[in-house]
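In what follows, a single structure is set out as structure tokens and then discussed.
Please treat every number below as a calculation from the coordinates, not as lab data. All values reported here derive from a predicted model rather than from experimental measurement. Positions of Cβ are generated from backbone atoms using ideal geometry, with glycine treated the same way; all protein chains shown enter the neighbour counts.
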Amino acid sequence: MPSQNNIEKVEKLTSRFKNSSAMYFTKYTGMNVENATKLRMDFTDNGVDFHISKNTLTKLAAKNAGYENIFDELLSGQIGIAYAGDDPTAPARVLKEFTKEVECLEVVGLYFDGTLYDPSKYKELANLPTYDELLTKLVCGLNSQMTKVALVLNSTMSKLAGTLTGLQEQKK
């Protein structure tokens, strides 16, 4: 019979699975406490929930969330999962920066947009611009075009005014 503590853990994990926009599965073998603390802080600063739990509980929670047998191959050994919030690429950027300094963390797979990807996909996602960067580029692009239109209209109006002034002086 499962303990109440394990039942609560499975419920929390199930909720994480259901509410995540992406999940990054990492093997953390050999990581010390200092590095683990830094990694958790980096994740927290970027709106990512990093959680380590027993693989049997994680498999049960994945099954409860509708991901039956999808992650079974990934869930062997010491596995920690980074659950993405609003930005599904945020964990990839954090992992990319973290693995530059610490080599004891390895991405073993990721689940993104309804598909399970191999570990190399996270580097591709890490190089994507953030939502805020994309929004800034869009606004700058729109602003640039509107400025050009305003300048063209302004110069056309100036030429028209100059022509009308010239015609008025010729008639005097």
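Odds and ends about this structure:
- Qualifying lysines (Cα of each under 25 Å from Cα of Lys59; at least 8 residues distant if same chain): Lys9, Lys12, Lys18, Lys27, Lys121
- Spin-label model, Leu138/Glu8: points 7 Å from Cα along the beta carbon direction are separated by 4.2 nm.
- Computed from the Cβ-Cβ distance with R0 of 41 Å, the FRET efficiency linking Glu101 to Gln145 stands at 0.45.
- Extension reserve of the Thr37-Tyr131 stretch, reckoned as 0.36 nm per residue once the Cα distance is removed: 31.2 nm
- Computed over the chain with a Gaussian network model linking Cα atoms closer than 10 Å, the most mobile of Thr136, Thr29, Thr58 is Thr136.
- Theoretical gain in end-to-end length, Leu164 to Val152 [0.36 nm per residue, Cα-Cα removed]: 2.5 nm
- Choice from Ala82, Ala161, Ala65 showing the highest fluctuation, given a GNM over the chain with Cα pairs closer than 10 Å: Ala161
- Cα centroid of the stretch 109-172 to Cα centroid of the stretch 5-32, whole Å: 41
- Euclidean distance of C-alpha centroids, the stretch 44-61 and the stretch 76-100, integer Å: 11
- The coefficient of translational diffusion for the stretch 46-171, derived via Stokes-Einstein from the alpha carbon Kirkwood radius under 20 °C and 1.002 mPa s, stands at 113 µm²/s.
- Mean residue ellipticity, 222 nm, helices only, the chain: the sum of -39500 (n - 2.57) across DSSP H runs of n ≥ 4, divided by residue count and rounded to 500, is -19000 deg cm²/dmol.
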